[in-house]
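Everything below concerns the one structure shown next.
The values are calculated or read from the model by the stated rules, or taken from the named source; none is laboratory data. Keep in mind that what you see is a predicted model, and the values were worked out from it rather than measured. Every residue, glycine among them, receives a Cβ derived from its backbone with ideal geometry; neighbour counts consider all protein chains shown. Quick note on the areas: whole protein, heavy atoms, side chains included, nothing else; ligands and nucleic acids left out. Shrake-Rupley method; radii C 1.70, N 1.55, O 1.52, S 1.80 Å.
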Amino acid sequence: MSRRYYLYSAGSIRQKDKTIEFESGENKRSVPITDIDEIYVMNDMKLTTKLLNILSQYGIPIHFFNYHEFYIGSFYPRESKQAGKLLVQQVSAYTDTEKRLYLAQKILQAAAKNIYRNLRYYNGRGKDCTEAMDKIFHLIPSLEKARTIEELMGIEGNIRREYYSVWNVIINQDIDFTKRVYHPADNMINSMISFVNSMMYTQVLSQIYKTQLNPTISFLHQPGVRRFSLALDVSEIFKPLICDRLIFSLLNRNQITEKSFVQDFNGLRMTEKASKTIAASFDEKLNQTIRHKELNREVSYQYLIRLELYKIIKYLIGEKDYNGFEIWW
């Protein structure tokens, strides 16, 4: 059962004893604070510092999106698990050119192989992706030969360009998608990519909070002001598995169509119904389970993200080499 709460109607959130009370108009709902992992605010919402204080005590982040489903930011509770020694080791790995490049390479190698696996999946189901698969297959080894982060990002850009070139083949609907366009999105696919990738970023951020890692110190993306760049790093690995497959499924099943969007002065905007459909499917995807090869037990996609963070920790403390998660099924 999902413990993520999505708030689409304008209203207020307040603390009442050991519960969190969501109120919108005449509708009121109280949820025990121990039953909440995350809150997603998708509309105007009133809240107080008293509420933020109790959410911080229980380690519950809030992620804020605006009217256009654009991610605004997150309330990230006070860290309760960070350890000084690991922080020093994380910073040291960032400042060590060789270690940082190693981690960045491993992250993008896993992401690229997961992209290739997606194409192989659909190619085996009658969607001709062979040309893009061949180009990506020959680009992947060059990631290991890259000597700078900038060179890595350039190769990654070429891989994604080939990947996106066959999305019109994979997706059954007639959508003119030729390249990645950000804000404002110029078509349904770009709008969905932006929204689902933001959901992925916030989910990774929530999982980082449950570890001793610092979310602002990254290896592939440059750490910057007002962003949790480690979440961007780890998201790259899981976007093909969770985000892209979700988009393909929703469009090919016609759960999202042209009617799911409206055009206004800020560009293409997703309807509330479409946003809810995507959020529900995203939750379902996170709760989906596979049998883990090493653990020999069922684990959810959400827990795969946590395991990835533990693998990074093991590398930082010198316990084990790091290899990014790769789809094997």
About its Cα centre, how strong a charge dipole does the range 159-289 have in debye, to the nearest 20, once Lys and Arg get +1 and Asp and Glu get -1 at the Cβ? 240 debye
Mind checking the per residue accessible area of the chain for me, 1.4 Å probe, whole number of Å²? 48 Å²
Whole-number percent relative contact order across the range 146-291, with pairs defined as alpha carbons under 8 Å at least 6 apart: 21 percent
Relative to the compact globular guide of 2.2 N^0.38 Å, what is the alpha carbon radius of gyration of the range 268-329, as a ratio? 1.51
About the Cα centre of the range 1-90, how large is the charge dipole given +1 on each Lys and Arg Cβ and -1 on each Asp and Glu Cβ? Please answer in debye to the nearest 20. 340 debye
Across LEU47, LEU316, LEU108, the residue with the highest GNM fluctuation in the chain (Cα network, 10 Å cutoff) is LEU47
Leaving ligands and nucleic acids out of the surface, order ARG120, ARG4 by accessible area at 1.4 Å, largest first. ARG120, ARG4
Summarise the accessible area of the chain (1.4 Å probe, protein heavy atoms) by the percent that is carbon and sulfur. 48 percent
With just the Cα atoms defining each centre, how far is the range 56-94 from the range 124-173? Give it in Å. 31 Å
The range 230-298 - convex hull of alpha carbons, volume per residue in Å³: 120 Å³
Can you work out D for the chain in µm² s⁻¹ from Stokes-Einstein, where Rh is the Kirkwood radius over C-alpha pairs, the temperature is 25 °C and the viscosity is 0.890 mPa s? 117 µm²/s
With N denoting the number of residues in the range 186-282, provide Rg(C-alpha) divided by 2.2 N^0.38 Å, to two decimal places. 1.20
Two-decimal Rg to Rh for the range 145-210 - Kirkwood Rh, Cα set: 1.06
If you place +1 on the Cβ of every Lys and Arg, -1 on the Cβ of every Asp and Glu, and leave all else neutral, what size is the dipole of the chain about its Cα centre, to the nearest 20 Debye? 700 debye
Rg and Dmax [Cα atoms of the range 60-131; Å; Rg one decimal, Dmax integer]: 19.5, 52
In the structure displayed, which of LYS99/LYS179; LYS113/LYS259; LYS113/LYS179; LYS46/LYS85; LYS81/LYS320; LYS285/LYS311 lie more than 29 Å apart, Cα to Cα? LYS99/LYS179; LYS113/LYS259; LYS46/LYS85
For the range 1-97, list log₁₀ I(q)/I(0) at each q in 0.22, 0.23 Å⁻¹, using the Debye formula over Cα point scatterers of equal strength and ignoring solvent, two decimals each. -1.12, -1.20
